[in-house]
Amino acid sequence: MNLSFPILKKYTYLNTANSGILSSNLATWRIQHDEAFMAEGSIFRAENLPVINELRNNIAKLFGSAPENTYLVQNFSVGFNTLLGGLNHKQRFLLLEEEYPSVSYPVVSMGFDHHIIAIDKNLEENIIKAIDTFKPTIFAFSMIQYISGLRIDEDFIRKLKTTYPDLLLVADGTQFTGTTDFSFENSELDALIGSGYKWLLGGYGNGYVFLSDQMKNTIYSKNKLAELPTAPFLKGKDHLSMCFEPGHLDSFNFGTLNESLNYLGAIGFDWIEKTNQTLCNQARLELGSRGLIPEWMLDRKYQSTIMSMPLEQKTVDQLATAKILCSPRGSGTRISFHFYNTAEDLDKLLHVLDGKA
């Protein structure tokens, strides 16, 4: 594994929640891509355009979305802001406290009516109560909270859709997609939007949008009043792809994500999920026994690959000295484990936390 990811030779990398890492094979592909572009210019571009639809079909197949409901965007923020731009301003949003700024800020700054609820051990009850009183039309949330690592209960998502079928469920999948075996069509979500640079190990400048038919019928209805362009190079685009995918898409960025998905798909997301959860469950037990994770978080059915620990600055400095990469987030220090992490990585972390470094 270290040969595939050279950074693992130098660091204990517990920071995928900040940025995924680049494999040596993927770096080689990226070099060859640009060398061919340099040598062939427009010929190369024309010959490599099919990678865009290849990626669309690839990511749709891997994560259970219909290709015609799958759009490619530069990152989560572009996709989410584009979606918001297609909504009428009568929509009412339910948001979570301490949500990722790219989720909450656009909703607030665009002037949508909104209500924010706290995250605690009664989260699901808080959500139901807020829906019944505030009566939102859209619940927008991160599948995994970027500070605490709290993972939204997927059974609860399905329950929400059954109980409130008109409520649109919009999720940020950036900290989620790539950590688990997942089907969008079976999730009851109306939109899952994410960036590819974290758990999908796809580098920067690429992302995805999965939409339900219900969401497609809700957004950009006004655009359908206009005739679609007839230019040959826009053949096959519909109204929504003109909004989510305007202009030219980059074969370098999206090709990188496609190559990474080929690699991850060959490994298998079911294996990745089992590997992640085995190590993360052990980490949570160890950290919980040291009082570093709230007990109510340990009792949740669905767990993520992210954990946050309240550490003194002295310990944070010791982690850095030991070349353990992690991130300050909120009032804690955030760690995260992906399939390339090992029990030895966890042991090294615990060694420092126990003051044995």
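Each value in this text was obtained by applying a stated rule to the coordinates, not by laboratory testing. Remember, it's a predicted structure, so these values are computed and weren't measured experimentally. Backbone-built Cβ (ideal geometry, glycine too); neighbour counts: all protein chains shown.
Which values of log₁₀ I(q)/I(0), to two decimal places, follow from the Debye formula for the range 28-266 at q = 0.15, 0.16 Å⁻¹ with a uniform point scatterer at every Cα? For the requested q values the scattering log ratios are -1.04, -1.16.
Within the range 1-100, which trypsin sites (Lys or Arg not before Pro) sit in a loop by DSSP and count at most 13 neighbouring Cβ atoms inside 10 Å? Write out the running numbers ahead of the final one.
On the way: sites: Lys9, Lys10, Arg30, Arg45, Arg56, Lys61, Lys90, Arg92; in loops: Lys10, Lys90.
Hits after loop and neighbour filter: Lys10, Lys90.
Computed over the range 235-334, the P(r) curve from all C-alpha pair distances, binned at 5 Å from the origin, holds 2, 9, 13, 14, 13, 11, 12, 11, 8, 5, 2, 0 percent per bin.
Which length gain, in nm to one decimal place, applies between Glu125 and Met110 when the Cα-Cα distance is subtracted from 0.36 nm times their residue separation?
Values: separation 15, 0.36 × 15 = 5.40 nm, distance 2.81 nm.
Contour length minus the Cα-Cα distance gives 2.6 nm.
Beta bridges assigned by DSSP with both partners in the chain are antiparallel in approximately 50 percent of cases.
Neighbour counting of Cβ atoms within 10 Å sorts the residues Tyr204, Tyr220, fewest neighbours leading, into Tyr204, Tyr220.
Taking 0.36 nm per residue of separation and subtracting the Cα-Cα distance, full extension of the segment from Phe156 to Asp238 would add 26.2 nm. Find how much the distance from Gln282 to Ala320 grows on full extension, using 0.36 nm per residue of separation minus their present alpha carbon separation; answer in nm with one decimal. My answer for the length gained is 11.4 nm. The charge dipole of the range 28-266, taken about its Cα centre with unit charges on the Cβ of Lys, Arg, Asp and Glu (plus for the first two, minus for the last two), comes to roughly 460 debye.
Exposure proxy ranking for Met297, Met110, based on other Cβ atoms within 10 angstrom of each Cβ and starting from the fewest, stands as Met110, Met297. Put the Cα centre of the range 113-148 next to the Cα centre of the range 310-357 and the gap is 30 Å.
Each 10 Å bin from 0 upward holds the following percent of the Cα-Cα pairs of the range 300-357: 20, 56, 22, 2.
Taking the alpha carbon gyration tensor of the range 34-117, multiplying each eigenvalue by 5 and rooting it gives semi-axes of 36, 16, 12 Å, largest first. Taking a cut-off of 21 Å between Cα atoms, list the lysines near Lys216, but don't count ones fewer than 8 places away on the same chain. Reachable lysines: Lys61, Lys90, Lys161, Lys224, Lys235, Lys237. Within the range 1-101, which GluC sites (Glu not before Pro) sit in a loop by DSSP and count at most 13 neighbouring Cβ atoms inside 10 Å? Within the range 1-101, the qualifying GluC sites (Glu not before Pro) (loop, at most 13 other Cβ atoms within 10 Å) are Glu97.
Estimated purely from DSSP H runs of n ≥ 4, each contributing -39500 (n - 2.57), the mean residue ellipticity at 222 nm for the chain is -13000 deg cm²/dmol once divided by its residues. Can you give me the Cα centroid spacing of the range 197-214 and the range 250-279 in angstrom? What the calculation gives is 12 Å, centre to centre.
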